[in-house]
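**Q** Sharing a structure, written as structure tokens. Questions coming.
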Amino acid sequence: MDIVLKNLNLIDGTGRELVEDAVIATSAGKIYYAGPASGWNEAEGESMVIDLHGQYILPGLIDAHVHLSGSGEADSQFYAPTGQMALKILSNAQKNLAAGITTVRDLGGWSELEFDVRRSIQRGDFAGPRMCLAGRFISITEAGADYYVGMYRVADGVDEVCKAVREQVKHGADVIKMGVTGAVLVESGVPGATHFNVDEMQALVDEARKFGKPVAMHAHGIDGIRKAIEAGVNTLEHGTYLYQDPSVIGQMVERGVFLVPTLKVGWDIILAENSNIPEWIMQKNKDSQGDAERSLKMAYEAGVSIAMGSDVGTPLNYHGENALEVYWMQQAGLSMMDALVAATGNAAKSLGWDSWMGTLEPGKVADLIVHEKNPLEDLRVLADKASLQFVMKDGMVVASHAGSELPKELFAKQVLRVG
Ligand SMILES: [Zn+2]
């Protein structure tokens, strides 16, 4: 059955300006028209027409950096026994979908349980977002591996690094995550320090490429960033000290490397009042937040492609509040529309999934969200559960408010409550 959504304000995720009085038509979960009502020929027959009374429609948001295994624990201790961890991952995945995040890229899962959760969602056992998965975070021998026991895959030397990539591919990884420098959220981690040697980085990227998998690099320090870009990675996660070398920023533009700045985690920690955040976590974030913002601004102004990644799961950074990252990117210098595109069209590009999703255009999957308020007046609307009316994935309603008046035929088998 064709579904026609009309009388709406369309923000299509490509960066094009808002279109008033627009129509979106879908068939079998795909969009076949998205544009002004004046260009729409109302077809005879079986379509179901829904009047959205001037509400705002956007692509379902894409969060390019999450940790489904974390729930915002103040001390960043994600651990749970296996059965509980699988349910925690599912519950967190559903919180994303219920908040309008229809796609997540998990860059550090837990004991491969996220692959099982994804299979259950794909089979239709549970409602959940699309999941682009990295499996484990591949790292040199360091303390983070003891802190995040189910998340890390320690690999030292070229042979081990290749084996670690093969393991992630075996489990079904869509992307490989490489820990290029030290971390902020590991007590003894030195964010500026380069971890892998150049031959290990090159081997990792080459091995991933053999299987057609892109590489996401966790990196703060400029030396590590420079070397990993040279090795051929696809996305830079965090990029805190990028500002220290404009020539590296130039390389990112030239090679099409995306920056995923993850500002929200720092703000959630720094702005927390009366929390039980350990002092070392507070201090390390206070020390680096200004640098992260400065690096994003410089990269954006130089023309680096930006994708939205909230790093939800980290301390006080809760699943479902992801969209505030869009607001923080705007505060750091992005235009409103560019910040929105970072969470839609550009995020899809950063995953390599843009040929079939991420924007509201003909041929793309009908993943979309409907808001009562205009996000282009205040981007915090994107995280406002009262404004969010419903969420569609593959053309079916997968989350809505209680008492929604949408026709029952539009609802998927499992429907979550927005919020
Ligand atoms: Zn992360």
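**Q** Report the residue count in the stretch 250-303 for those that are basic (Lys, Arg), modelled with pLDDT of 95 or more and open to solvent by 40 Å² or more (accessible area, probe 1.4 Å).
**A** Total meeting the criteria: 3.
**Q** Now, a different point. List pairs: first in the stretch 305-322 and of a type in the set (A, V, I, L, M), second at pLDDT below 95 and near the ligand (Cβ under 9 Å from one of its atoms), Cβ under 9 Å, 6+ apart or cross-chain?
**A** Sorted first by the residue in the stretch 305-322, then by its partner, the pairs are 312/265; 316/265.
**Q** What's the number of the condition residue 156 fails, among (1) among the charged types (D, E, K, R); (2) in contact with a strand residue (DSSP E or B) (Cβ under 7 Å, 6 or more places away or on another chain); (3) over 24 Å from residue 352 (Cβ atoms)?
**A** Evaluating residue 156 over (1) among the charged types (D, E, K, R); (2) in contact with a strand residue (DSSP E or B) (Cβ under 7 Å, 6 or more places away or on another chain); (3) over 24 Å from residue 352 (Cβ atoms) leaves (2) as the failure.
**Q** Determine which member of the set 226, 209 is without any contact (Cβ under 8 Å) to a residue 40 or more places away in the chain, in contact with a Ser or Thr (Cβ under 9 Å, 6 or more places away or on another chain) and of a type outside the set (Phe, Trp, Tyr).
**A** Of 226, 209, the one residue that is without any contact (Cβ under 8 Å) to a residue 40 or more places away in the chain, in contact with a Ser or Thr (Cβ under 9 Å, 6 or more places away or on another chain) and of a type outside the set (Phe, Trp, Tyr) is 226.
**Q** In the stretch 1-28, what residues are small (Gly, Ala, Ser) and open to solvent by 10 Å² or more (accessible area, probe 1.4 Å)?
**A** 15, 27, 28
**Q** Does residue 314 qualify as being open to solvent by less than 20 Å² (accessible area, probe 1.4 Å), within 16 Å of the ligand (Cβ to nearest atom) and under 30 Å from residue 73 (Cα atoms)?
**A** Yes: the conditions hold for residue 314.
**Q** Please return the ranges of strands (runs of 3 or more DSSP E) entirely within the stretch 175-274 where 2 or more residues are within 13 Å of the ligand (Cβ to nearest atom).
**A** The qualifying strands (runs of 3 or more DSSP E) are 176-179, 215-219, 235-238.
**Q** Scan (1) over 18 Å from the mean Cα position of the chain (by Cα); (2) at pLDDT 95 or above for the single condition residue 64 breaks and write down its number.
**A** All conditions pass for residue 64, except number (1).
**Q** What's the number of the condition residue 229 fails, among (1) surrounded by fewer than 24 Cβ atoms within 10 Å (Cβ to Cβ); (2) modelled with pLDDT under 95?
**A** (2)
The rows are residues; the columns are (1) on the phi < 0 side of the Ramachandran plot; (2) in contact with a helix residue (DSSP H, G or I) (Cβ under 6 Å, 6 or more places away or on another chain); (3) open to solvent by less than 20 Å² (accessible area, probe 1.4 Å).
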| position | (1), (2), (3) |
| --- | --- |
| 346 | yes, no, no |
| 349 | yes, no, no |
| 359 | yes, yes, yes |
| 365 | yes, no, yes |
| 369 | yes, no, yes |
| 372 | yes, no, no |
| 378 | yes, no, no |
| 397 | yes, yes, yes |
| 415 | yes, no, no |
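**Q** Residue under question is residue 325, and the condition is that it be within 16 Å of the ligand (Cβ to nearest atom), open to solvent by less than 10 Å² (accessible area, probe 1.4 Å) and within 28 Å of residue 148 (Cβ to Cβ); does it hold?
**A** It is true that residue 325 is within 16 Å of the ligand (Cβ to nearest atom), open to solvent by less than 10 Å² (accessible area, probe 1.4 Å) and within 28 Å of residue 148 (Cβ to Cβ).
**Q** Need the failing condition index for residue 204 against (1) among the hydrophobic types (A, V, I, L, M, F, W, C); (2) surrounded by fewer than 24 Cβ atoms within 10 Å (Cβ to Cβ); (3) over 24 Å from residue 288 (Cα atoms); (4) in contact (Cβ under 8 Å) with a residue 60 or more places away in the chain, just the number.
**A** (2)
The values are calculated or read from the model by the stated rules, or taken from the named source; none is laboratory data. Keep in mind that this is a model prediction, so the values were computed, not measured. Note: ideal-geometry Cβ built from the backbone for every residue, glycine included; neighbour counts use all protein chains shown. Ligands, DNA and RNA are stripped out before the accessible areas are found, and what is left, the full protein with its side chains, is counted by its heavy atoms. Shrake-Rupley method; radii C 1.70, N 1.55, O 1.52, S 1.80 Å.
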